[in-house]
């Protein structure tokens, strides 16, 4: 028992030390599934890379039961590196480093059947063992809700910089987002902004139709959270980046409204935290 407790304390200290060396740590949460949280995480990583942090952005896929970051970035067929007790992330588009539970599965269709303590231990051990290299921005994708994984993340990440909450413009999503923002207040993690997915459809005439309502504005009114991006319906939100091409690699973003919105959101996050620049 004493040895187990010693080991746990050692891993916690390592996790806090390693995350303390990364200037910016952002948790992405929604409180509700199906609102595009993981694709938001992936696209924010690409946007930060586009803004001058290429090779210095990493993602910890904390959605253990439904890890999807590797699929979105087109790197689900790769493997983590290992040397002794060190783990090396998979490198994806634009130098983004990724760690995900999916890389530990022999077959992607296999489920991960873990209870709370195992999930928290996995998150702690990844934060303690991964060699993040020159990472300056760490994005942490989370599962729906405010359960074990998110609580473990807030426990083992040293000085969390803030959180981005993802929602859809519906009353159902609004009610759950309220809980997510209340959770952030309880754990004292600053809310950096709200990203509203599926915000509108642009018609051939150029007119924008908000077919799901205006729930995001209700969030602003009810909780004071600021919407930093309204993301339209777009193929970017449905397909792996490798299938549709990477608009962030092109100087003009190919006119992609979703990519432009994520770039704008990333700029606002940087400005909110560090006056637009990370040391």
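The values are calculated or read from the model by the stated rules, or taken from the named source; none is laboratory data. Please read all numbers here as calculations on a predicted model, not as lab measurements. Cβ atoms come from the backbone with ideal geometry, glycine included; neighbour counts cover every protein chain shown.
Overview of results
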read-out	value
Residue list for the range 51-81, restricted to those being in contact (Cβ under 8 Å) with a residue 60 or more places away in the chain, surrounded by fewer than 24 Cβ atoms within 10 Å (Cβ to Cβ) and part of a helix (DSSP H, G or I)	51, 53, 71
Whichever residue in the range 242-267 is part of a helix (DSSP H, G or I) and on the phi > 0 side of the Ramachandran plot and, among such residues, is surrounded by the most Cβ atoms within 10 Å (Cβ to Cβ)	253
Residue 93 surrounded by 24 or more Cβ atoms within 10 Å (Cβ to Cβ), at negative phi and either in contact with a helix residue (DSSP H, G or I) (Cβ under 8 Å, 6 or more places away or on another chain) or touching a residue at least 60 places away in the same chain (Cβ under 8 Å) (or both)	no
Odd one out for residue 147 among (1) surrounded by 14 or more Cβ atoms within 10 Å (Cβ to Cβ); (2) under 22 Å from residue 39 (Cβ atoms)	(1)
Residue within the range 199-218 that is buried (at least 21 other Cβ atoms within 10 Å of the Cβ), at pLDDT below 80 and in a loop (DSSP other than H, G, I, E, B) present	yes
Residue in the range 36-43 that is crowded, with 24+ Cβ neighbours inside 10 Å, in contact with a strand residue (DSSP E or B) (Cβ under 9 Å, 6 or more places away or on another chain), modelled with pLDDT of 95 or more and closer than 17 Å to residue 278 by Cβ present	no
Filter pass, residue 22 being in a loop (DSSP other than H, G, I, E, B), modelled with pLDDT of 95 or more and in contact with a strand residue (DSSP E or B) (Cβ under 8 Å, 6 or more places away or on another chain)	yes
